[in-house]
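Colleague: Before anything else, here's the structure in question.
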Amino acid sequence: VEVNGGKRSFDAVWSSSLTDSTNKGKPDIEAVDTSDRANTISSIFEVTTKPMIYECDTSGKPENFAFTVRTLERLGVSAIIIGDKTGLKTNSLFGTDVERTQENVEDFCAKIEVGKNARVSDDCMIFAGCESLILDKGMDDAVARCKAYLAAGSDGIMIHSHKQDGAEIKEFCRRYQEFGVGRPLVVAPSSFDRITETEFEEMGVNIVIYANHMLRAAYPAMMDVAKTILVNERCFEVRAKCMAIQEILEI
């Protein structure tokens with residue numbers, strides 16, 4: 001898009017497990033495995049050369065994670081983010097509304113090391129996602145965990161929060177500058193969405209991920225068109241809501 005006389009575009013692609021699962025009609029519980037998602041990755045790389053960041057959820061057992069890292073690295077993924085939750089995966093946006101547990105710090109650090117050792121080169125990065133703020137365990141727990149993850153070799157940190165005011169994210173960012181050893185900090189502001197990219201940059205955030213907005217915008221539009229066709233028994237009423245056939249053919 002043109003903004004203030006300059007061009008602005010997205011810098012990378014986020015391979016969202018929620019989006020990949022929903023597109024396949026599956027629940028967001030890691031029901032779609034790495035092999036299935038690999039097909040999606042290959043299809044995406046056929047139409048873009050931009051870097052991809054891959055959401056790896058819990059990443060399973062260390063042995064599974066090592067296989068996943070090798071597969072994703074071979075496909076050309078630039079960064080992999082694994083979360084420190086354990087058990088059946090539940091989306092972070094549920095906060096404490098659903099029962100969830102975090103993985104033991106030592107075990108999660110060991111998993112990070114397994115992933116790092118499985119890589120062929122340093123070109124594929126591994127980031128640790130911390131759920132402490134999501135689980136209301138407090139800032140000190142989040143900081144302590146992230147320090148340990150960085151010491152274990154994590155190339156960066158992704159911090160989560162379900163609080164909409166963004167206050168705890170701002171506080172974490174402030175503290176991260178003291179211990180983050182210059183490694184990237186990642187946020188996905190689905191909840192704290194009032195903060196701008198400029199503000200995030202001033203806070204020390206390196207990567208802002210809009211995790212699932214395209215999917216969440218597409219589904220209401222498709223449902224609206226489908227219902228309108230059913231009500232009117234024709235598609236004339238939805239003509240203005242649809243991209244012209246010629247345009248879609250030329251994308």
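The values are calculated or read from the model by the stated rules, or taken from the named source; none is laboratory data. From a predicted model like this one, the values you see are computed outputs, not experimental measurements. Glycine gets a Cβ as well: all are built from the backbone with ideal geometry, and neighbour counts include every protein chain shown. When the accessible area is computed, the model is the full protein with side chains, heavy atoms only, and any ligands, DNA or RNA have been set aside. Shrake-Rupley method; radii C 1.70, N 1.55, O 1.52, S 1.80 Å.
Colleague: On the first, second and third principal axes, largest extent first, how far apart are the outermost C-alpha atoms of the chain in Å?
Modeller: Computed over the Cα atoms, the extents are 60, 42, 38 Å.
Colleague: Could you tell me how many degrees, from 0 to 90 and to the nearest 10, lie between the Cα long axis of helix 167-179 and the main elongation axis, the longest principal axis, of the Cα atoms of the chain?
Modeller: Roughly 50 degrees between the two axes.
Colleague: Suppose R0 equals 45 Å; then what is the FRET efficiency for Asp224 and Lys50 from their Cβ-Cβ distance, rounded to the nearest 0.05?
Modeller: Values: r = 30 Å, r/R0 = 0.67.
Rounded to the nearest 0.05, the efficiency is 0.90.
Colleague: Can you count the Lys pairs in region 1-92 with C-alpha separation below 30 Å, eight or more apart or on different chains?
Modeller: 14
Colleague: Between the alpha-carbon centers of region 99-127 and region 41-62, tell me the distance in whole angstrom.
Modeller: Spelled out, the Cα-based centre of one part sits 16 Å from the other.
Colleague: Now, a different point. Please give the per residue accessible area of region 1-55, computed with a probe of 1.4 Å over protein heavy atoms only, in Å².
Modeller: Values: 3450 Å² over 55 residues.
I get 63 Å² per residue for this part.
Colleague: As a test, work out the antiparallel percent of DSSP beta bridges whose residues both lie in the chain, rounded to the nearest 5.
Modeller: Working: 4 of 23 bridges.
Of the beta bridges lying entirely in the chain, close to 15 percent run antiparallel.
Colleague: Report, to the nearest 10°, how far helix 213-232 tilts away from the longest principal axis of the Cα atoms in the chain, using its own Cα long axis and a range of 0 to 90°.
Modeller: For helix 213-232, the angle is close to 30 degrees.
Colleague: Let me ask something additional. Could you calculate the FRET efficiency of Lys163 with Ile29 from 1/(1 + (r/R0)^6), where r is the beta carbon distance between them and R0 is 22 Å, rounded to 0.05? Please list the in-between numbers first.
Modeller: Numbers: r = 24 Å, r/R0 = 1.11.
E between Lys163 and Ile29, to the nearest 0.05, is 0.35.
Colleague: With n ≥ 4 as the cut-off for DSSP H runs, can you work out [θ] at 222 nm for the chain, using -39500 (n - 2.57) per run divided by the number of residues, rounded to the nearest 500? Walk me through the intermediate numbers first.
Modeller: On the way: 9 runs with 106 residues, N = 251.
Theoretical 222 nm ellipticity from helices: -13000 deg cm²/dmol.
Colleague: In what order, largest first, do Leu133, Leu18 sit by accessible area if the probe radius is 1.4 Å?
Modeller: Working: Leu133 5, Leu18 40 Å².
Of Leu133, Leu18, the descending order of accessible area is Leu18, Leu133.
Colleague: Another question, then. For a quick check of your reading of the filter: which trypsin sites (Lys or Arg not before Pro) in region 12-93 sit in a DSSP loop and have no more than 15 other Cβ atoms within 10 Å? Let's see the in-between values first.
Modeller: Working: sites: Lys24, Arg37, Arg70, Arg74, Lys85, Lys89; in loops: Lys24, Lys89.
Listed in order of number, the matching sites are Lys24.
Colleague: Using a 7 Å offset from Cα along Cα-Cβ at Glu178, what residues in region 143-158 end up with backbone N under 18 Å from the label point?
Modeller: 143-151
Colleague: Pick out, in residue order, every one of the trypsin sites (Lys or Arg not before Pro) in region 147-180 that is DSSP loop and has at most 14 other C-beta atoms within 10 Å; say none if there are none. Show your work: numbers first, answer last.
Modeller: Working: sites: Lys147, Lys163, Lys170, Arg174, Arg175; in loops: Lys163.
Those that pass, being in a loop and sparsely packed, are Lys163.
Colleague: Moving on to the next point. If I compute solvent accessible area with a 1.4 Å probe over the protein chains, what percent of it on the chain is carbon and sulfur? Let's see the in-between values first.
Modeller: Numbers: 7480 of 14110 Å².
Its accessible area is 53 percent carbon and sulfur atoms.
Colleague: Expressed as a rounded percentage, what relative contact order does the chain have, with Cα pairs under 8 Å and six or more residues apart? Present the calculation step by step, with values, prior to reporting the outcome.
Modeller: Numbers: 337 pairs, mean separation 34.2, N = 251.
Reported relative contact order: 14 percent.
Colleague: Right, another one. Show me the chymotrypsin sites (Phe, Trp or Tyr not before Pro) within region 192-251 that DSSP assigns to loop and that have at most 16 other Cβ atoms within 10 Å of their Cβ. Mind dumping the intermediate values first?
Modeller: Values: sites: Phe192, Phe200, Tyr210, Phe236; in loops: Phe192, Tyr210.
Taking region 192-251 and a limit of 16 other Cβ atoms within 10 Å, the loop chymotrypsin sites (Phe, Trp or Tyr not before Pro) found are Tyr210.
Colleague: Continuing with this model, one more query. Against the longest alpha carbon principal axis of the chain, how many degrees, from 0 to 90 and to the nearest 10, is the axis of helix 105-118 turned?
Modeller: It works out to around 70 degrees.
Colleague: Size of the dipole of the chain about the Cα centre, Lys and Arg at +1 and Asp and Glu at -1 on the beta carbon, nothing else charged, in debye to 20?
Modeller: Values: 29 positive and 40 negative charges, 69 e Å.
So the dipole magnitude of the chain works out to roughly 320 debye.
Colleague: Here's another thing I want to ask about it. Report the gain in length on full extension from Glu199 to Glu247: 0.36 nm times residue separation, minus Cα-Cα distance, nm rounded to one decimal.
Modeller: Contour length minus the Cα-Cα distance gives 13.7 nm.
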